[in-house]
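Here is the structure we will look at.
The values are calculated or read from the model by the stated rules, or taken from the named source; none is laboratory data. As the structure is a computational prediction, the values presented were derived from the model and not from experiment. As a convention, Cβ positions derive from the backbone with ideal geometry for all residues, glycine included, and neighbour counts pool all protein chains shown. With ligands, DNA and RNA removed, areas are computed over all heavy atoms of the protein, side chains included. Shrake-Rupley method; radii C 1.70, N 1.55, O 1.52, S 1.80 Å.
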Amino acid sequence: MDYGIKGRKAIVCASSRGLGRGCALALAEAGCDMVINGRDAARLAETAAEIRDRFGVRVTEVAADVGTVEGQRALLEAAPQPDILVNNNAGPPLRDFRDLSRQSMIDGVVNNMVTPIELIQAVIDGMAERGFGRIVNITSLSVYMPITGLDLSSGARAGLTAFLAGVARPVAHRNVTINSILPGKFDTDRIRANIEHGAKKAGVSVEERRKQQIAEIPAKRFGTAEEFGQACAFLCSAYAGYITGQNLRLDGGLFPAAF
Ligand SMILES: NC(=O)c1ccc[n+]([C@@H]2O[C@H](COP(=O)([O-])OP(=O)(O)OC[C@H]3O[C@@H](n4cnc5c(N)ncnc54)[C@H](OP(=O)(O)O)[C@@H]3O)[C@@H](O)[C@H]2O)c1
């Protein structure tokens, strides 16, 4: 499908691996030039090379921590007038909420709420002036459905969701949209690490834990970064200008609700 965004410029945060990488690949397939990001420069360079080879688009690598002021500055210097912003960052580690220090709670809120808001502050007016903007935030199904041990992730992302619900409406008439995608369980390094942690805690093998998690999902499998990326590319497409302020659950049916 032609998404109508060939030649658009995208910033895809935290995109050297996993879901962010899935979004970068799908946007590249749609013809977007882009800035990609991650802290490990070597891993980032591999992903950049793959995107250039496969899709022939322009890719700029910004090896930096997106949660820092300097990291954000570097991203914005590499693409001062982006048409598309995909907000992503690592989530907080699995931890009993009793063990969270004040500093770790502040870090979680900065990484998963403040950082995407700061990037949106920097790009939204330019998008509105130019009459095109697509902002997609990678959050989590935990916004709807609590996951014990990921309470900080749920709280920070729910805060982001509520914050952006108000931000999205005033720019909708300028063809600027803000939506979030809420992953359920996707087969990435992040979920593999969580499964290992859960297996150790429950005293079962990693394979057993993986099977247990898959059994709970109506689709009977984890999602792939590729299908996540394609959903993101559609929300960034020329045809998605009437979809804004939405939270798209991508979870293989895991969240049991009619609405
Ligand atoms: N996978 C799932 O099923 C799932 C479910 C719910 C929510 N989520 C959320 O979705 C987001 C993406 O998850 P994922 O599964 O794709 O994770 P992942 O496979 O661990 O990939 C994380 C990516 O982010 C980059 N990154 C991490 N911290 C960064 C930082 N401070 N600055 C810049 N880049 C950074 C990593 O590269 P470097 O390490 O080199 O920096 C890597 O490219 C996370 O917030 C996660 O909590 C995922």
* In degrees, nearest 10, range 0 to 90: what is the angle between the Cα axis of helix 225-235 and the longest Cα principal axis of the chain? -> 40
* Structure fact -> Each label sits 7 Å from Cα toward the beta-carbon; between Gln121 and Glu196 the label points are separated, in nm, by 3.7
* Structure fact -> With the 8 Å Cα cutoff and a minimum separation of six or more residues, the chain has a relative contact order in percent of 22
* Asked: What residues have an amide H closer than 5 Å to that of Met34, excluding those fewer than 5 places away on the same chain, when H is modeled at 1.01 Å from N in the peptide plane?
  -> Ala10, Arg58, Val59, Thr60
* To do: Using a 10 angstrom cutoff on alpha carbons, build the Gaussian network for the chain and name the most mobile of Arg39, Arg73, Arg102.
  => Arg102
* To do: Grab the chain and count how many Lys pairs have their alpha-carbon atoms under 18 Å apart, sequence gap of 8 or more, or different chains.
  => 5
* Interchain or long-range residues, amide H under 5 Å from Ile147's placed H -> none
* Structure fact -> Among Gly131, Ala202, Gly241, the residue whose Cα sits farthest towards the positive end of the charge dipole of the chain, when +1 is placed on the Cβ of each Lys and Arg and -1 on the Cβ of each Asp and Glu, is Ala202
* Full-extension gain in nm, Met105 to Val206, via 0.36 nm per residue minus C-alpha separation -> 33.5 nm
* Grab the other residues whose beta carbon is less than 14 angstrom from that of Arg130, score K and R as +1, D and E as -1, and report the net. => +1
* For the chain, what is the calculated [θ] at 222 nm in deg cm²/dmol (nearest 500), taking -39500 (n - 2.57) for each run of four or more DSSP H residues and dividing by its residue count? -> -14000 deg cm²/dmol
* Asked: So what's the gap between the Cα centers of region 114-167 and region 67-101, to the nearest angstrom?
  -> 11
* **Rounded accessible area per residue of the chain, 1.4 Å, Å²** => 48
* Estimated vicinal HN-Hα couplings, Hz - region 144-149 in sequence order (Karplus 6.51, -1.76, 1.60; Gly, Pro = x) -> 8, 10, x, 10, 4, x
* Derived scalar couplings ³J(HN,Hα) [region 46-62; Karplus, 6.51 cos²θ - 1.76 cosθ + 1.60; whole Hz; x for Gly, Pro] -> 4, 5, 4, 5, 4, 5, 4, 4, 6, 10, x, 8, 7, 10, 10, 9, 10
* Structure fact -> One can check that the equivalent ellipsoid of region 19-166, built from the alpha-carbon gyration tensor with semi-axes equal to the square roots of five times its eigenvalues, has lengths in Å, largest first, of 27, 18, 14
* Asked: Which cross-chain or sequence-distant (5 or more) residues have an amide H under 5 Å from the amide H of Arg249, H modelled 1.01 Å from N in plane?
  -> Leu182
* Relative counts (whole %) of C-alpha pair distances in region 79-220, using bins that are 10 Å wide -> 11, 36, 29, 17, 6, 1
* Asked: Relative to the longest principal Cα axis of the chain, at what angle does helix 189-202 sit, 0 to 90 degrees, rounded to 10?
  -> 10
* Where N is the number of residues in the chain, Cα Rg divided by 2.2 N^0.38 Å -> 0.97
